[in-house]
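The values are calculated or read from the model by the stated rules, or taken from the named source; none is laboratory data. All of these numbers come straight from a predicted model, not from anything done at the bench. Cβ atoms come from the backbone with ideal geometry, glycine included; neighbour counts cover every protein chain shown.
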Amino acid sequence: MPAPGDVVGDYRVLERVASGAMGRVYKVEHVTTRAVFAMKTLRGSIAFDADAVSRFFLEADAIARLTHEHVVAIVDLVDAPPWPPSFVMELLEGETLADALDREQVFSVERAVAVAVDVASALAAAHQHALVHRDLKPENVFLARGDGGRVTVKVLDFGVAKLLDGTLERKHRTAVGRQIGTPGYMAPEQLMGTAGVDQRADVYGLGILLFEMLTGRLPYQGTVAETLMAIARKEPPAPSAARPAAAGPVPTWLDQLVLVCLKKQAAERPQTMAEVLMALGALRR
């Protein structure tokens, strides 16, 4: 793997900043322009797996097609052996939603809804490009600090994404019985490993994010096994029932929206992220 000082394609590695299931992220600078970016590379033996490499570049290509304020921007693809396949993206300064929740525990209703609107906007755009995220969680939502302290929400890591047109499913062979996502944030149909997981899984994921921002916890608690069983069989509590009293009330409309997003059956949820976005925009006024 690259180390500080190594040159990968047109980029000099400055430092490693993060690691994930499929890759590592480095702070890099362009050797000519000195512009600073983030570079994501495939890690270890995965870099020699043709299927994983194909999936990795499909992710990069999918994100590159999403020119959206709330999706991290891809600026270059790098295939420079012997270094692992990489893509270069905008470097973000700030913190993840997970970091913010660890520090603050519970968000105000206004802040939770504002973050949800931006995430929903990003995912609605992704769905228009036939791309489903499938791993929506606080670690994959970044609160980027800009000039004057302005915070811009960015959706990260489409590493387990699936193209709705079947391209990624054909190339990566997403099979019945295979779970892709993070337990605790996965829709019931993802837990079951059923075929045909679509944008409604992201609707469920947004419901989980809203619940966690409003309450400081996930809808289901316990061991991993207990959590997975509850997701499949139990109805979630309303956010208002789980929110600390000192944090203030949750509006009835928001309770209802979160609960409908968390329906067990995908057919009972809002069918598109655009519907959720419209509900958030209309109901909060």
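Looking only at strands (runs of 3 or more DSSP E) that fall completely inside segment 61-124, which ones have 1 or more residues that are closer than 30 Å to ALA246 by Cβ and within 16 Å of the chain's Cα centre (by Cα)?
Result: 94-96.
Within segment 138-180, which residues are in a loop (DSSP other than H, G, I, E, B) and modelled with pLDDT under 55?
VAL160, LEU164, ASP165, GLY166, ARG173, THR174, ALA175, VAL176, GLY177, ARG178, GLN179, ILE180 - these are the residues of segment 138-180 that are in a loop (DSSP other than H, G, I, E, B) and modelled with pLDDT under 55.
For VAL197, work out the one condition from (1) surrounded by fewer than 15 Cβ atoms within 10 Å (Cβ to Cβ); (2) closer than 30 Å to ALA52 by Cβ; (3) in contact with a Ser or Thr (Cβ under 9 Å, 6 or more places away or on another chain) it doesn't fulfil.
Result: VAL197 passes all but (1).
Going by what's in this entry, would ARG200 be described as modelled with pLDDT under 85 and in a helix (DSSP H, G or I)?
In short, no.
Which residue pairs have Cβ atoms closer than 6 Å, lie 6 or more positions apart in sequence or on different chains, and pair a first residue in segment 116-134 that is within 20 Å of VAL151 (Cα to Cα) with a second residue that is among the hydroxyl-bearing types (Ser, Thr, Tyr)?
none
With the requirement that a residue be touching a strand residue (DSSP E or B) at 6+ places or on another chain (Cβ under 7 Å) and within 17 Å of ARG55 (Cβ to Cβ), what does segment 134-150 give you?
Passing the criteria: ARG134, ASN140.
Name every residue in segment 229-276 that is among the charged types (D, E, K, R) and assigned to a helix (DSSP H, G or I), in order of residue number.
Listed by number, the residues that qualify are ARG233, ASP255, GLU268, GLU275.
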